[in-house]
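**Student:** This is the structure, below, for whatever I ask next.
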Amino acid sequence: MQTTVTHVRNPLAGWDISVSAKAGDKETINGARILVNGFAQYDETFDAPLDQWQQQLLQQGDFPEENTVLVEITNGNGDVIRTQDSWK
């Protein structure tokens, strides 16, 4: 499973956060959850397994405070793969 998290300062407020995941060979993506500073901002279980997934969240987090994004991807075996990004 390959997961990517990027962030860009939003000129109006906070940050725009983009998350993507790509399943490896014989893997699927069955669910995704995004937490920003400890609060769930996205939580979805997919009806049909996916090979790829992406989501953008706008105006999240705080500027100029420290921010943390935790991404949890659930694969077809029920394993949760976590990726975290933090910045200030």
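A short reminder: the numbers here are calculations on the coordinates, not readings from a lab. Keep in mind that this is a model prediction, so the values were computed, not measured. Heads up, the Cβs are rebuilt from the backbone with ideal geometry, glycines too, and the neighbour counts pull from every protein chain shown.
**Student:** Do any strands (runs of 3 or more DSSP E) lying entirely in region 22-88 carry at least 1 residues that are in contact (Cβ under 8 Å) with a residue 12 or more places away in the chain and among the hydroxyl-bearing types (Ser, Thr, Tyr), and which ones are they?
**Tutor:** 39-50, 67-75, 80-87
**Student:** Restricting attention to region 1-13, which residues are over 18 Å from residue 84 (Cβ atoms) and touching a residue at least 24 places away in the same chain (Cβ under 8 Å)?
**Tutor:** 9, 10, 12, 13 - these are the residues of region 1-13 that are over 18 Å from residue 84 (Cβ atoms) and touching a residue at least 24 places away in the same chain (Cβ under 8 Å).
**Student:** Quick one: is residue 45 touching a Pro at 6+ places or on another chain (Cβ under 8 Å) and either surrounded by fewer than 16 Cβ atoms within 10 Å (Cβ to Cβ) or farther than 17 Å from residue 5 by Cβ (or both)?
**Tutor:** In short, no.
**Student:** Of the residues that make up region 56-64, is at least one within 16 Å of residue 7 (Cα to Cα) and aromatic (Phe, Trp, Tyr)?
**Tutor:** yes
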